[in-house]
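Everything below concerns the one structure shown next.
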Amino acid sequence: MRAPKAYIQWVNDHVGFNPRAQANSDALSDFVVADFRSSCNLLGSALSSGELKPGKNPSVHTRVAERSIDLVICENNDLPAISVRVSIEHKTIMTAHGKARKNRYGDIIAYSNHMHNHRRDCIAGAIVVINISPKYENPDAFAKGLERPDFNMEKVVKDTVGIFARIPLRNEPGDPNDQPEALAVMLLDYDGVSPAKLVPGPAGKGLDGIQYESFVSRICALYERRFSAR
């Protein structure tokens, strides 16, 4: 599966990019779709045949709300009437882990709830990219030269990963709406100036399920379970 390595290559081709911009998220979406095509029998076939179409950043509607979603795989692309079978939201934590990880956790819960209000059998996935470098400086003007207190980055990253590893995953359409079906954590070491490196993991007790390979395999399996008879 190529998405993690391809994403690191994209970062290195765009050193100094602003993680708040859409370009890095769009690139990751393309890499994930490529992995679905090559790794998922039923989902990949539906994408190849044109039965399903990928879309980036559309507004997805419920009866009372709409929300822009990073990646959708839908039955049609006649906006705003799309019906989404699979969705992926990307979240990035580059610095200020203490605040950012709480916000991104809340974002994933709200996103999952929205997608399952849109369609109860939608498979909602999330990818969290976590930077382990203590040297990274946010490129926004307000962060230039900002002094940071000393901290144990290894512990901070471990705690951050643990927050997302503890999010329960939704198995059936009748499970709570505010849970994603799949979640992956990708770790990179990137100071914003030098080339980034992909960091192995996360690994350890209870963390196998949030590795990218497990994320893709789970979505493939859930898709076959929910949509094989259609």
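Listing for the model above:
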quantity: Extreme residue, farthest from N57 (Cα to Cα), among residues of region 18-37 that are open to solvent by less than 60 Å² (accessible area, probe 1.4 Å), part of a loop (DSSP other than H, G, I, E, B) and in contact (Cβ under 8 Å) with a residue 12 or more places away in the chain; calculated: N18
quantity: Residue identified as farther than 22 Å from E224 by Cβ, modelled with pLDDT of 95 or more and either polar (S, T, N, Q) or touching a Gly at 6+ places or on another chain (Cβ under 6 Å) (or both) among S68, S45, S87; calculated: S68
quantity: Residue among R170, R218, R120 that is of a type in the set (K, R), modelled with pLDDT of 95 or more, open to solvent by less than 10 Å² (accessible area, probe 1.4 Å) and out of contact with any Cys (no Cβ under 9 Å at 6 or more places or on another chain); calculated: R170
quantity: Within region 39-73, considering residues that are touching a Lys or Arg at 6+ places or on another chain (Cβ under 8 Å) and small (G, A, S), the one least open to solvent (accessible area, probe 1.4 Å); calculated: G44
quantity: Selection within region 98-117 - within 22 Å of D159 (Cα to Cα) and open to solvent by 30 Å² or more (accessible area, probe 1.4 Å); calculated: G98, K99, R101, K102, N103, R104, Y105, G106, D107, I109, A110
quantity: Selection status of A6, closer than 21 Å to R225 by Cα, of a type outside the set (D, E, K, R) and part of a helix (DSSP H, G or I); calculated: no
quantity: Test: residue in region 42-50 that is hydroxyl-bearing (S, T, Y) and over 19 Å from R218 (Cα atoms); calculated: yes
quantity: Answer residue from region 1-10, given it is over 18 Å from D70 (Cα atoms) and at pLDDT 95 or above and is least open to solvent (accessible area, probe 1.4 Å) among those; calculated: I8
quantity: Subset of region 173-193 that is of a type outside the set (D, E), under 20 Å from V11 (Cα atoms) and out of contact with any helix residue (DSSP H, G or I) (no Cβ under 9 Å at 6 or more places or on another chain) - its residue that is most open to solvent (accessible area, probe 1.4 Å); calculated: V193
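The values are calculated or read from the model by the stated rules, or taken from the named source; none is laboratory data. Note that this is a predicted model, so its numbers are computed, not measured. Cβ coordinates were reconstructed from backbone atoms using ideal geometry, including for glycine residues, and neighbour counts include every protein chain displayed. All accessible areas refer to the heavy atoms of the entire protein, side chains included, with ligands and DNA or RNA removed. Shrake-Rupley method; radii C 1.70, N 1.55, O 1.52, S 1.80 Å.
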